[in-house]
Amino acid sequence: MKGAIASVELFAWARPMAEKAEASGPRRLTLVVGTPARSPDNSGWTCRVALADLQRPVEVAAADSVGALSAALAQGEVWLDELRGEGIVFTRDRAGKEAYVAEVPVATIAPVTTTAPDQATDAE
């Protein structure tokens with residue numbers, strides 16, 4: 001995907017790892033996240049994400065670039081979770097020795113609501 005800022009190559013195994021020797025081998029997939037960009041109408045930000053060889057690129061939107069990036073990562077996790085639900089196991093290597101686990105869970109990047117200093121109220 002053009003303009004990608006991050007990607008990870010994964011190997012998807014259709015059978016549980018205990019049976020991998022009998023499997024025909026893994027399918028290579030690449031999760032790709034693009035660079036956040038302003039919406040054409042300046043109403044917010046968008047970010048493209050794709051699970052190459054399986055899901056075509058989609059554009060997710062948010063109010064700011066960090067939100068758009070977070071939404072793109074979340075969409076990638078949704079796709080991977082759907083496949084996990086079908087019994088797919090992911091590894092980082094074709095040999096199936098190193099399991100793929102996201103380094104930073106999407107939940108830890110979720111936006112936090114705070115009150116801006118000029119909106120704070122005095123409790124007195």
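Looking only at residues that are of a type outside the set (A, V, I, L, M) and assigned to a strand (DSSP E or B) in the range 76-98, which one is surrounded by the most Cβ atoms within 10 Å (Cβ to Cβ)?
Applying the filter and picking the extreme gives Phe90.
Of everything in the range 20-64, what is farther than 24 Å from Ile88 by Cβ, among the small types (Gly, Ala, Ser) and open to solvent by 40 Å² or more (accessible area, probe 1.4 Å)? Give them in sequence order.
Ala37, Ser43, Ala61, Ala63
The values are calculated or read from the model by the stated rules, or taken from the named source; none is laboratory data. All figures in this text were calculated on a predicted structure; none of them were measured in a lab. Don't worry about glycine lacking a Cβ; one is built from the backbone with ideal geometry, like all the others, and counts go over all protein chains shown. SASA here: full protein model, heavy atoms, side chains in, ligands and nucleic acids out. Shrake-Rupley method; radii C 1.70, N 1.55, O 1.52, S 1.80 Å.
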